[in-house]
Structures are given as structure tokens and as C-alpha cells.
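Notes to accompany the following structure.
Nothing in this text is a laboratory measurement; each read-out follows from the coordinates by a stated rule. Just so you know, these numbers come straight off a predicted model, no measurement behind them. Cβ atoms come from the backbone with ideal geometry, glycine included; neighbour counts cover every protein chain shown.
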Ligand code: HEC
Ligand code: HEC
Ligand code: HEC
Ligand code: HEC
Ligand code: HEC
Ligand code: HEC
Ligand code: HEC
Ligand code: HEC
Ligand code: HEC
């Protein structure tokens, strides 16, 4: 996939997650299917006679009211006749209340945690619209649980997710048309997804880099049982509160180069066909348990901008002792150094050369350690690190075992007087002495030559009587 089409995928992703979130608890946002243009149902082949037979042959579990069961069963037959019979008007009326087929078993509300050491857990809610008894298959048995929850109101939280109390989440599963009331119209999704199966979810990973290459096709999580296949999470039928159709999958995040981000794709799988995937970035580090909304506007997934996201929590630079307003240049614009979703910078000097390119090449040529060895604080960098920055590494004067900087005479321990920043190496060692000892030049001192270091040996602890 090219970068361009990747971006389109990403845009679609943003929209699709938004629409998923928006659909929850906001039934007015449901995208109705236009029967004139949508062929997915008209081409779906359902053998109406055997479907109706299976409804007649089935019966409710004992503790469900027989009259209610009869009513649901009659309605289901009507739905099947409307959808798969010959009357186009009846089909159109049914479809107006239908769930978009592409969303039948799409993973939703995906989140992830990823520790700095790379252990990553994806978790998401499964759904298989119409499969109210959660056995993986949409069939006549799904009217029984609908009966058990009949007339219940489903409660959702501010984000539209079913609240985890008692059997509210299971009731939410039976609310196939998502109008927050379990009722007769939730039969339609059973008919619409009749006979559809969900075996589980497959997990793919994709690495988005700064170059053009990006491929979902090859980057799947290998299946421990068959390395030639993507890993699958088996269908979950858990009905425990807060566990209903909750899936989690843990893996070790592959190593990423600077600027790369990892994306996960969760694909519903019916044993043969992969259905519409859900994609999300793997958010690394401390932010992972947070919801996407802390940094994004949920309506269009745009970034909230630094002041309304990063700085809400990171009110001052993490090293302390200053304010973001004191940061020089672009040092308060988080995204010029921190890339999205993997916020740690390793090694920390990775971004410095983007803007300080001359300095970066000088430092590299000097074979010196990187920027933060001397500047320490990347947000409020001190612009003139003193001697202490040098002597933490050069603990003693070079070339003089056991020597001590404290024994250096006069200015001989003040590094910056002889070593210029970033260049460091002294290009003409014997000439530099003239800055302070001009009287020794051309005066016949010593043997009269200017090769001061031939007698005084060390520029750092010069012997006063060689
Ligand atoms: C700690 C903040 C933070 C969190 C949490 C976060 N993001 Fe982002 N996201 C960003 C930043 C920063 C960008 C880059 C914005 C920019 O460059 O303008 C971004 C970019 C994106 C993009 C566009 C990607 C691209 O390459 O163009 C998408 C889509 C996205 N995020 C989705 C998500 C989803 C889904 C979640 C939750 C699983 C999430 N983000 C969580 C900060 C965050
Ligand atoms: C909801 C609050 C919140 C928001 C918003 C937020 N952060 Fe954080 N961030 C945290 C917490 C909490 C930690 C862990 C403690 C710490 O290091 O301060 C953290 C840690 C970090 C770290 C250390 C590495 C890591 O992942 O542990 C970086 C870097 C970072 N944040 C950058 C950013 C940037 C850049 C943004 C904006 C795109 C941002 N944060 C938005 C709360 C937030
Ligand atoms: C000039 C580049 C640059 C900019 C701009 C920048 N950071 Fe950082 N930030 C770094 C580097 C480099 C590190 C890693 C430092 C290290 O490992 O010693 C870091 C580390 C951090 C940490 C983790 C500190 C810790 O102790 O673990 C946080 C939190 C953070 N940055 C937040 C922010 C926020 C918020 C912004 C924007 C307001 C921002 N940074 C802007 C370069 C930058
Ligand atoms: C997005 C561009 C950008 C990046 C990336 C960047 N800087 Fe800067 N930096 C600036 C600008 C602009 C200034 C102010 C002008 C100047 O002094 O060159 C500045 C100033 C500085 C200063 C002088 C501070 C002062 O008070 O005058 C130091 C030191 C510094 N940066 C170090 C770093 C280090 C270390 C990194 C990597 C962690 C880094 N910069 C990354 C743009 C950047
Ligand atoms: C070995 C120590 C050391 C290292 C490594 C180092 N610097 Fe510096 N840097 C200094 C010193 C000392 C000064 C002060 C120079 C002065 O006062 O004239 C300075 C000054 C600066 C300044 C402000 C003055 C200027 O020249 O613009 C910037 C910006 C800067 N450094 C960026 C960087 C960046 C970026 C890196 C890494 C690529 C880096 N430094 C690596 C020691 C270092
Ligand atoms: C984080 C550790 C560290 C700090 C801080 C540090 N240095 Fe270095 N320095 C080194 C290392 C490592 C070398 C490379 C030694 C080698 O090549 O054998 C080096 C090499 C040098 C060289 C020889 C350069 C050359 O081209 O041969 C000079 C001169 C020097 N440092 C001066 C300084 C000065 C001046 C400071 C303070 C501004 C300083 N160093 C800060 C670790 C450090
Ligand atoms: C009076 C000038 C002067 C001062 C002050 C000075 N140096 Fe030097 N330094 C030199 C000269 C000249 C050389 C080159 C020596 C040579 O070529 O034999 C040098 C070489 C070095 C080297 C490289 C040694 C090698 O074997 O490659 C390091 C490291 C170094 N200095 C560190 C420091 C540190 C750290 C300080 C401050 C604590 C400092 N110098 C103060 C003049 C000075
Ligand atoms: C930045 C100024 C400066 C530079 C450059 C400098 N010196 Fe010095 N030097 C001093 C000062 C100040 C003293 C102490 C006062 C004095 O004895 O004149 C001193 C002292 C000395 C001494 C006497 C040492 C003692 O124990 O009394 C010698 C020898 C010497 N320097 C040699 C050199 C040589 C060789 C160079 C070039 C590699 C050099 N100096 C570069 C400032 C400098
Ligand atoms: C042939 C060896 C030799 C050479 C070359 C030499 N010196 Fe000396 N230097 C000495 C001797 C011997 C002494 C101590 C006796 C004296 O004061 O003449 C001394 C002493 C010094 C002193 C400390 C006493 C004072 O007079 O202040 C300084 C400073 C000094 N030299 C600087 C230099 C400088 C700078 C150069 C290079 C231009 C240099 N020397 C070249 C042999 C030499």
C-alpha cells in the first residue's frame, strides 16, 4: 500500500471509529441502507422455506413466557418473509431500520496498553449483531434471550458504551438496532444477519514509517498454532458484567525505528471470509490506558492541539523548574520532537539534528556523545553548559594518570577558554597559548620555538619548570 492510500485508510479509520462511537446511544445517527443502491442484502441468499422451518421447529427455554415467545417467533417469520420473500416494498420497509451489514461483527471501542518494555495488550468489544445468545451463529435461538430482556432499557455511559452493571451489557447485546430499548424491532437484525457466523477475530499489525512502504498484508501477528496464518482470537461468549464480548490480546510490540508508529487491525472472521476491519494505533507508554479522546476531538478525530491536550496534563516541562513559555525556539511545540502514539524518544537526541543540523554534524565529527550529555534538559536546554558538563565525563585531565583538574593553574581548568563548543578539538594546540601567554612568543623563551607543548607536555597541567 502506498503512503497516500494509507492516509485514506487512516482517514476512513477516524471516521469509522467516530461513527461507531456516534452510533452507540444515538440511534438518530444510524445510517439507513438505501435498498435502491445497496445490493448486499438482495444478493444474500437465504433459503426462505428452510429458514421458516427452523423457526417453527425451535422452542423457547422453559422459563420464558410462552405467549411472548410465540409473538417473537411470529415476528421473526414475518421479518424473514419480508427480507427474503418476493415483495420489494416489504423489503424496503424492513431495511429502513436495518443495521449496516458491514458492521455486523465489527470490533468496536478498541483500546490498547503498551508498556515501555513493549508488552502490548489490545482490548476491544466484539459484536455480532443478531447473535443475542452469543453462540457465534445468528439463528432462531436468538429470540429467546431477546425475550428474557424484553422491554429493558439499556444504559450507556457518556461515550455511549453500555454500563457494566447486572445484565445491562447482555441486554445491550440484544438491542440489535441500538435504540436503547430491547423490543420487537430487534428482531429485524436477526433476520438481516440470518445464518451469519463469527468464529473470532484476526489480528494484523502494520508499521507506518516515514517512507512510502506500508503493508497490512504481510504484517500479521503469526498464529502460534500455524505460523502461516494470522492469529485468531476465538469467539467469546462471556456474559459476566464488564466482560461481555470483551476480547484482549497480548503481544510484544515489534521494535520501531524513530518516527514509526504501529497500527493494529482487528478483523472479524467467519472461518472463510474476513469482514470489515477496525484499525487503531498502538498507543505506547503512560498514555495507553487513556482513551483516545484525551488527545482527539471525537467528532472528526482531529488532534486537539498541544495546549488543549499535552499541556493540560504536562502543565510544566517534566524536569521541573520552569514554564513552557521559557522554552527556546520550538522547544515547547511537543510534536516537533515527540511523534504520535509512541511518545518516548529513543535515543533522546533523535530529533535535535532536524533543526540544529550544523551542530549535529560538528558533534558527530568530534565523536562526542550526543547533545543531552551536555545540555541535559531537552525542554529548557541550558545554552551554555559550564565546566561541570565536561568534567562529569572527563573526570581527570587526559593523558595524565592520577592528575586532578583542581591542580590546573589559572584558567587551565576552564574548558571553554580553549575548547569551542561543538568543535571541541583544538586545531592548533601550540598557537592557543598565545591568547594568554603572548610574552613567551618571539621572546627567546625556552629554546625560542613556539612549540610550547614540546617542553610543557600537557596543556591542562603544564609543568612550570619542565
Ligand atoms: C497522548 C495523546 C494521544 C492519544 C492518547 C491518542 N492519540 Fe492519536 N494522535 C496524537 C497525535 C499527537 C497525533 C498527530 C497529530 C498531528 O500530527 O497533527 C495523532 C494522530 C492520530 C491519527 C492520524 C494518524 C496519521 O498518521 O495521520 C489517528 C487516526 C489517531 N491519532 C487515532 C487515535 C486513536 C484511535 C487513539 C486511541 C486508541 C489515539 N489516536 C490516541 C495523539 C494521541
Ligand atoms: C490525560 C493526561 C495526559 C495527556 C493529555 C498527555 N499526557 Fe503525556 N503523560 C501523562 C502521564 C500521567 C504520564 C506518565 C507520568 C509522567 O511522565 O509525567 C505521561 C508521560 C508522557 C511521556 C513519557 C513517556 C511515556 O510514554 O511514559 C511523554 C514523552 C509524554 N507524556 C508526552 C506527551 C505529549 C507529547 C502529549 C500530547 C500529544 C501528552 N503527553 C499528553 C499524561 C498525559
Ligand atoms: C526539542 C525537542 C522536544 C520538544 C519540542 C518536546 N520534547 Fe519532551 N522530550 C524530548 C526528549 C529528547 C525527551 C527524552 C529526554 C530523556 O530521555 O532524557 C523528552 C521527554 C519528555 C517527557 C518524559 C520526561 C521523563 O522524565 O520521562 C515528557 C513528559 C515530555 N517530554 C513532554 C513534552 C511535552 C508535553 C512537550 C510539549 C509541550 C514536549 N515534551 C516537547 C524532546 C522534546
Ligand atoms: C523543531 C526544531 C528544533 C528541534 C527539533 C530542536 N531545537 Fe533546539 N532550538 C530550536 C530553536 C528555533 C532554538 C532557538 C534559536 C537557537 O538558539 O538556535 C533552539 C535553541 C536551542 C538551544 C539554546 C537554548 C537557549 O536558551 O538559547 C539549545 C541548547 C538547544 N536548542 C538544544 C536542542 C537539543 C538538545 C535538541 C534535541 C533534544 C533540540 N534543541 C531540538 C529549534 C529546535
Ligand atoms: C560536549 C558538550 C556539548 C555537546 C555534546 C553539545 N553541546 Fe551544545 N553547547 C555546548 C556548550 C559548552 C555551549 C555553549 C557555547 C557558548 O557559550 O559559546 C553550547 C551551546 C549550544 C547552543 C546555543 C549556542 C549555539 O551555538 O547556537 C545550541 C543551540 C546547542 N548547543 C545545541 C546543541 C545540539 C543540538 C547538540 C547535539 C547535536 C549539542 N549542542 C551538543 C556544549 C555541548
Ligand atoms: C557524556 C560524556 C562527555 C561529556 C559531558 C564531555 N565529553 Fe568530551 N569526550 C567524551 C568522549 C567519550 C570523547 C571521545 C573520546 C575518544 O574519542 O577517545 C570525548 C572527546 C573529547 C575531545 C577530543 C575531541 C577530538 O576530536 O579528538 C575533547 C577536546 C573533549 N571531549 C572536550 C570536552 C569538553 C570541552 C566538554 C565540555 C564542554 C566535554 N568534552 C564533555 C565524553 C564527554
Ligand atoms: C589552556 C587551554 C585548555 C584548557 C583550559 C583546556 N584544554 Fe583540553 N586541550 C587543550 C589542548 C591544546 C588540547 C590538545 C592537546 C594535544 O593535541 O596534545 C586539549 C585536548 C583535550 C582533550 C583531548 C585529549 C586527547 O588525548 O585527545 C580533552 C578530552 C580535553 N582537552 C578536555 C578538556 C577539559 C574537559 C577541559 C576543562 C576541564 C579542558 N580540556 C581545558 C587545551 C586546553
Ligand atoms: C585562557 C588563558 C590561557 C591560555 C590559553 C593558556 N594559559 Fe597557561 N596560564 C594561564 C594562567 C592565568 C596561568 C596562571 C598564572 C601564570 O602563571 O601566569 C597559566 C599558567 C601557565 C604555566 C605555569 C604553570 C604553573 O604551574 O605555574 C604554564 C607552564 C603555562 N600556563 C603554559 C601554557 C601553555 C603551554 C599553553 C598553551 C597550550 C597555555 N599555558 C595556555 C592562562 C592561560
Ligand atoms: C624548550 C623548552 C620550552 C619551550 C619550547 C617552552 N617553554 Fe615555557 N618554560 C620552560 C622552562 C624550562 C620554564 C621554567 C623556567 C623559566 O621560567 O624559564 C618555563 C616556564 C614557563 C612558564 C611559567 C613561568 C613564566 O615565565 O611565566 C610559562 C607560562 C611558559 N613557560 C609558557 C610557555 C609558552 C606559552 C611556550 C610556547 C610559546 C613555552 N613556554 C615554550 C621551557 C620551555
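Remarks
- Sites residue 237 and residue 311 - FRET efficiency at Förster radius 51 Å, r taken between beta-carbons, to 0.05: 0.70
- Mean separation of Cα pairs under 8 Å and 6 or more residues apart, divided by the residue count, gives region 387-456 a relative contact order of 18 percent.
- Global size of region 130-277: 18.3, 54 Å for Rg and Dmax (C-alpha atoms, Rg to one decimal, Dmax whole).
- Protection proxy ranking of 271-277, 196-202, 372-378 - average other beta-carbon atoms within 10 Å, highest first: 196-202, 372-378, 271-277
- Alpha-carbon centroid distance for the pair region 266-286 / region 124-159, whole angstrom: 21 Å
- Simple label model, 7 Å out from Cα along Cβ direction - residue 447 to residue 225, nm: 8.5 nm
- Cα-Cα separations in region 45-194 greater than 27 Å, expressed as whole percent: 27 percent
- Within region 105-130: backbone nitrogen closer than 15 Å to the residue 252 label point (7 Å, Cα to C-beta): 115-121
- Dividing the Cα radius of gyration of region 299-394 by its Kirkwood radius returns 1.01 for Rg/Rh.
- Dimensionless Rg/Rh of region 387-456 - Kirkwood Rh, Rg from C-alpha atoms: 0.99
- Per-pair calculated FRET efficiency, R0 = 22 Å: residue 273 and residue 161 via Cβ, rounded to 0.05: 0.20
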